[in-house]
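Take this structure first; my questions come after.
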Amino acid sequence: MRWWDIGPVLELERDLFPEDAWSRGMFWSELAHARGPGATRRYLVAVDGHRVVGYAGLAAAGELADVQTIAVARDRWGTGLGSRLLTELLRAATAFECAEVMLECRVDNAPAQRLYERFGFEAVGFRRGYYQPGNVDALVMRLTDPAHSVPDTPPDSEGTESHG
């Protein structure tokens, strides 16, 4: 993800997460930590032509990584794009030499939970009222050894390309 992707990412963010969408400043702050030799973040977007159809981000600290966000445009649900984005985040976690990857997922988002489970994530707890202002609980999930959870070949996403 680059600074010029933030506008289109925000449009998608507001469509998918209207109650708790990230702000422009939040994305800028994350991108500030994604460059240079001391980078601790990896953010990427998936584009089809000139349209951003997905994005994802990961933060790393020591041996622990955290999936900060992952989103796919509604018209791309079920195409494998979420798997492709998650694959790239797990590759980044491996490059950061992380032994574990954590994430939070809305308890009412069963499709996302199934995606994470296919990659080997396991539920380890809950965070009550994590998503505000809707007061929706988060399911906390963990993946150990992300290097062994990355498929050799990511699923095809109908010509969609990703860039960081």
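Kindly provide the set of residues from the range 28-45 that are touching a strand residue (DSSP E or B) at 6+ places or on another chain (Cβ under 8 Å) and farther than 16 Å from residue 90 by Cα, ordered by number. Walk me through how you get there before you give the answer.
Within the range 28-45, the first condition is being touching a strand residue (DSSP E or B) at 6+ places or on another chain (Cβ under 8 Å), and the residues that meet it are 30-31, 33-34, 40-45.
Matches in the range 28-45: 30, 31, 33.
Look through 71, 60 and report the one residue that is assigned to a strand (DSSP E or B), on the phi < 0 side of the Ramachandran plot, touching a residue at least 24 places away in the same chain (Cβ under 8 Å) and open to solvent by less than 10 Å² (accessible area, probe 1.4 Å).
Numbers: 60 fails: open to solvent by less than 10 Å² (accessible area, probe 1.4 Å).
The conditions single out 71.
Of the residues that sit in the range 16-57 and are farther than 17 Å from residue 96 by Cβ, assigned to a strand (DSSP E or B) and not acidic (Asp, Glu), which one is nearest to the chain's Cα centre (by Cα)?
Looking at the filtered set, the residue picked out is 55.
One line per residue, one yes/no per condition, for (1) open to solvent by 30 Å² or more (accessible area, probe 1.4 Å); (2) among the aliphatic types (A, V, I, L, M); (3) in a loop (DSSP other than H, G, I, E, B):
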{"residue": "66", "(1), (2), (3)": "yes, no, no"}
{"residue": "85", "(1), (2), (3)": "no, yes, no"}
{"residue": "114", "(1), (2), (3)": "yes, no, no"}
{"residue": "120", "(1), (2), (3)": "yes, no, yes"}
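So, one more: Can you work out which of the residues in the range 27-44 that are closer than 15 Å to residue 62 by Cβ and surrounded by fewer than 17 Cβ atoms within 10 Å (Cβ to Cβ) is modelled with the highest pLDDT?
Just the residues of the range 27-44 that are closer than 15 Å to residue 62 by Cβ, to begin with: 33, 38-41.
Pick out the ones that are also surrounded by fewer than 17 Cβ atoms within 10 Å (Cβ to Cβ) and you get 33, 38-40.
Working: 33: 91, 38: 89, 39: 92, 40: 95.
Result: 40.
Is it the case that residue 53 is closer than 26 Å to residue 133 by Cβ, open to solvent by less than 10 Å² (accessible area, probe 1.4 Å) and in contact (Cβ under 8 Å) with a residue 12 or more places away in the chain?
Working: closer than 26 Å to residue 133 by Cβ: no; open to solvent by less than 10 Å² (accessible area, probe 1.4 Å): yes; in contact (Cβ under 8 Å) with a residue 12 or more places away in the chain: yes.
Criteria not met by residue 53.
Further question on the same structure: Please verify whether residue 92 is crowded, with 16+ Cβ neighbours inside 10 Å and part of a strand (DSSP E or B), treating the condition exactly as stated. It would help to see each step written out before you state the result.
Details: crowded, with 16+ Cβ neighbours inside 10 Å: yes; part of a strand (DSSP E or B): no.
Judged against the criteria, residue 92 is not a match.
The values are calculated or read from the model by the stated rules, or taken from the named source; none is laboratory data. Because the structure is predicted, anything quoted here is derived from the model rather than measured. Positions of Cβ are backbone-derived with ideal geometry, glycine not excepted, and every protein chain shown enters the neighbour counts. All accessible areas refer to the heavy atoms of the entire protein, side chains included, with ligands and DNA or RNA removed. Shrake-Rupley method; radii C 1.70, N 1.55, O 1.52, S 1.80 Å.
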